[in-house]
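Undergrad: Attaching a single structure in structure tokens format; questions to follow.
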Ligand SMILES: Cc1cc2nc3c(=O)[nH]c(=O)nc-3n(C[C@H](O)[C@H](O)[C@H](O)COP(=O)(O)O)c2cc1C
């Protein structure tokens, strides 16, 4: 039914307008108690066996909403109602900014992909912190806060901008993510080089500890799929050295080789980050590499091209404790979360593993033993 609706309504609309319309409906549903109870019961079933713990946080399951969908923390309960077990808000920057000029979001329907060059459009750390502070949660869920650099702040002063966001947002973050991997803020991805990343992550860690003294806010870094393999290893080693809690792999890609010849050439040439199905293979590869390098010392979050329960299961076997998605939600609609949960529970049941935690990284360990 959703696919028909998508073809008849959303597909004819500008993708960003469709996003805002869907958002309005979700927020409306969550404000209506009877409706939200009904929707949550139908779309967010809880499976005891999928209960997950990651960086000290308990979750209903491993499947979460990737950053970028709810940039300003306006739909945390709504997305929780739709079955996401954790919600990563942001990217939030130190200062509010409008992002890039429109049009900046494109659907490559035949490739089940998106290209975006949103450019961190968001209300800024002060406004988002105020919203989080005044929030009365309807559903209990884990909220991650993803932070990035304000565009006008020079690369050399990036740490100050991230620290500002940390000081404002860490009190409301169940976990914090340093995003250095969006292709749409000039120079941002240079911060992935270890000589830039080390002082940046150290400064954010110190700021989080200074600001929140009652608990240790887990700190993660989100990386690009376009890093060379040796740079993936270098980030992994740095994360271990600094005692980071997690790595999120991956953000969108600037590569286009994985696209078939299905989508219109004019769309394929749009600048920005590519997400969805064509990102699947590389994101999985980066995740495997990370797990082989860090094992259980750091929690890995797999994201990029996850479309169904089998994809999510493959990420878990490749080392992901948590999995996230964004693009496939646009194509699959509100029943997506339910399908992923159901499929994951079924896979776990027929697998040789007693718990989801036992399955994490099992494929990589097997390959290492065989080698
Ligand atoms: C429209 C759009 C906006 C995004 N914005 C952000 C963002 O602000 N911060 C971020 O870390 N990732 C952002 N992402 C990347 C996603 O979080 C995710 O890493 C990527 O899309 C791969 O997952 P997917 O294939 O399931 O979409 C965005 C993705 C899309 C499609």
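The values are calculated or read from the model by the stated rules, or taken from the named source; none is laboratory data. Keep in mind it's a predicted model, so treat the numbers as computed, not measured. Because the Cβ atoms are built from the backbone with ideal geometry, glycine has one as well, and the counts that use them run over all protein chains shown.
Undergrad: If you go through the range 220-240, how many residues are over 15 Å from the mean Cα position of the chain (by Cα) and closer than 11 Å to residue 298 by Cβ? Don't jump to the end; show me each part of the working.
TA: As a first pass, look at the range 220-240 and keep what is over 15 Å from the mean Cα position of the chain (by Cα): 226-240.
Those left that are additionally closer than 11 Å to residue 298 by Cβ: 235-240.
Within the range 220-240, residues that are over 15 Å from the mean Cα position of the chain (by Cα) and closer than 11 Å to residue 298 by Cβ number 6.
Undergrad: List every residue pair whose Cβ atoms sit under 8 Å apart, with the two residues 6 or more apart in sequence or on different chains, where the first one lies in the range 241-269 and is free of Cβ contacts under 8 Å to residues at least 24 places away in the same chain and more than 30 Å from residue 299 (Cβ to Cβ) and the second, anywhere, is more than 15 Å from the ligand (Cβ to nearest atom) and assigned to a helix (DSSP H, G or I).
TA: Final answer for the pair search is 256/268.
Undergrad: Now for a different question. Going by the conditions given, is residue 102 surrounded by 17 or more Cβ atoms within 10 Å (Cβ to Cβ) and farther than 30 Å from residue 36 by Cβ? Can you show your working first?
TA: Working: surrounded by 17 or more Cβ atoms within 10 Å (Cβ to Cβ): no; farther than 30 Å from residue 36 by Cβ: yes.
So residue 102 fails the test.
Undergrad: From (1) part of a strand (DSSP E or B); (2) within 14 Å of the ligand (Cβ to nearest atom), pick out the condition that doesn't hold for residue 321.
TA: Evaluating residue 321 over (1) part of a strand (DSSP E or B); (2) within 14 Å of the ligand (Cβ to nearest atom) leaves (2) as the failure.
Undergrad: Given the conditions (1) modelled with pLDDT of 95 or more; (2) within 26 Å of residue 333 (Cα to Cα), report the number of the one that residue 258 does not fulfil.
TA: Tallying (1) modelled with pLDDT of 95 or more; (2) within 26 Å of residue 333 (Cα to Cα), residue 258 fails exactly one: (1).
Undergrad: Looking at this structure, is residue 145 in contact with a helix residue (DSSP H, G or I) (Cβ under 7 Å, 6 or more places away or on another chain), outside any helix (DSSP H, G or I), crowded, with 19+ Cβ neighbours inside 10 Å and in contact (Cβ under 8 Å) with a residue 40 or more places away in the chain? Quick ask: steps written out before the conclusion?
TA: Values: in contact with a helix residue (DSSP H, G or I) (Cβ under 7 Å, 6 or more places away or on another chain): yes; outside any helix (DSSP H, G or I): yes; crowded, with 19+ Cβ neighbours inside 10 Å: yes; in contact (Cβ under 8 Å) with a residue 40 or more places away in the chain: yes.
Considered against the rule, which asks whether it is in contact with a helix residue (DSSP H, G or I) (Cβ under 7 Å, 6 or more places away or on another chain), outside any helix (DSSP H, G or I), crowded, with 19+ Cβ neighbours inside 10 Å and in contact (Cβ under 8 Å) with a residue 40 or more places away in the chain, residue 145 comes out as yes.
Undergrad: State yes or no: is residue 190 more than 14 Å from the ligand (Cβ to nearest atom), modelled with pLDDT under 95 and either exposed (fewer than 15 other Cβ atoms within 10 Å of the Cβ) or over 21 Å from residue 241 (Cα atoms) (or both)?
TA: Numbers: more than 14 Å from the ligand (Cβ to nearest atom): yes; modelled with pLDDT under 95: yes; either exposed (fewer than 15 other Cβ atoms within 10 Å of the Cβ) or over 21 Å from residue 241 (Cα atoms) (or both): yes.
Here the answer is yes, as residue 190 does meet what is asked.
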